[in-house]
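Each remark here refers to the structure printed beneath this line.
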Amino acid sequence: MQEVSRSGAADELRLDALIADLWWRVRLINTDILEEEARAGVFDPVQPTYPLLALNLRARRDNLVATIGMLEQRARSVSEAA
């Protein structure tokens, strides 16, 4: 029985670490978006001259945020089950 609880705690820690790492990556991507917008001088994504790289980075960031949301939900359910 103790082995299962240790494994569960380790899994929860790994999940927390993964979530923290993904948030760090989101912050990096946000910085990259701001730099690309500043370089192009265009800050509105609906403008036709908005940089394609910034659009792609926004899509990647949004996907990561959605993934983080699902992982956080899973982490809550795991901690509630423990």
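The values are calculated or read from the model by the stated rules, or taken from the named source; none is laboratory data. Computed from a prediction, not measured in an experiment: that's the story for all the values here. For neighbour counting, all protein chains shown are included, and Cβ atoms are generated from backbone atoms with ideal geometry for every residue, glycine included. In case anyone asks, the SASA skips ligands and DNA or RNA and just uses the protein heavy atoms, side chains included. Shrake-Rupley method; radii C 1.70, N 1.55, O 1.52, S 1.80 Å.
Per residue of the chain, what 222 nm ellipticity follows from adding -39500 (n - 2.57) for every DSSP H run with n ≥ 4, rounded to the nearest 500?
Working: 2 runs with 69 residues, N = 82.
Result for the chain, helices only: -31000 deg cm²/dmol.
Report the calculated FRET efficiency for Ser79 and Thr31 (r = Cβ-Cβ distance, R0 = 25 Å), to the nearest 0.05. Let's see the in-between values first.
Values: r = 31 Å, r/R0 = 1.24.
About 0.20, to the nearest 0.05.
Charges at C-beta only: +1 for Lys and Arg, -1 for Asp and Glu. How large is the resulting dipole of the chain about its Cα centre, in Debye rounded to 20?
On the way: 10 positive and 13 negative charges, 17 e Å.
It works out to roughly 80 debye.
With a 1.4 Å probe and every protein chain kept in, tell me what percent of the accessible surface of the chain is carbon plus sulfur.
Details: 3490 of 6010 Å².
Answer for the chain is 58 percent, counting heavy atoms of protein chains only.
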- With Cα coordinates, the longest principal axis of the chain makes an angle with the long axis of helix 2-40, in degrees rounded to 10, of 10 degrees
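Relative contact order, percent, of the chain when contacts are C-alpha pairs under 8 Å separated by at least 6 residues? Display every interim value, and only then the final one.
Working: 42 pairs, mean separation 30.1, N = 82.
Rounded, it is 37 percent for the chain.
Suppose R0 equals 35 Å; then what is the FRET efficiency for Leu52 and Asp21 from their Cβ-Cβ distance, rounded to the nearest 0.05? Let's see the in-between values first.
On the way: r = 27 Å, r/R0 = 0.77.
Step by step, r from the Cβ atoms, then E = 0.85.
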- Query: Relative to the longest principal Cα axis of the chain, at what angle does helix 52-81 sit, 0 to 90 degrees, rounded to 10?
  - Reply: 20 degrees
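Roughly how many Å² is the accessible area per residue of the chain, as a whole number, for a 1.4 Å probe?
Per residue, the chain has 73 Å² of solvent-accessible surface.
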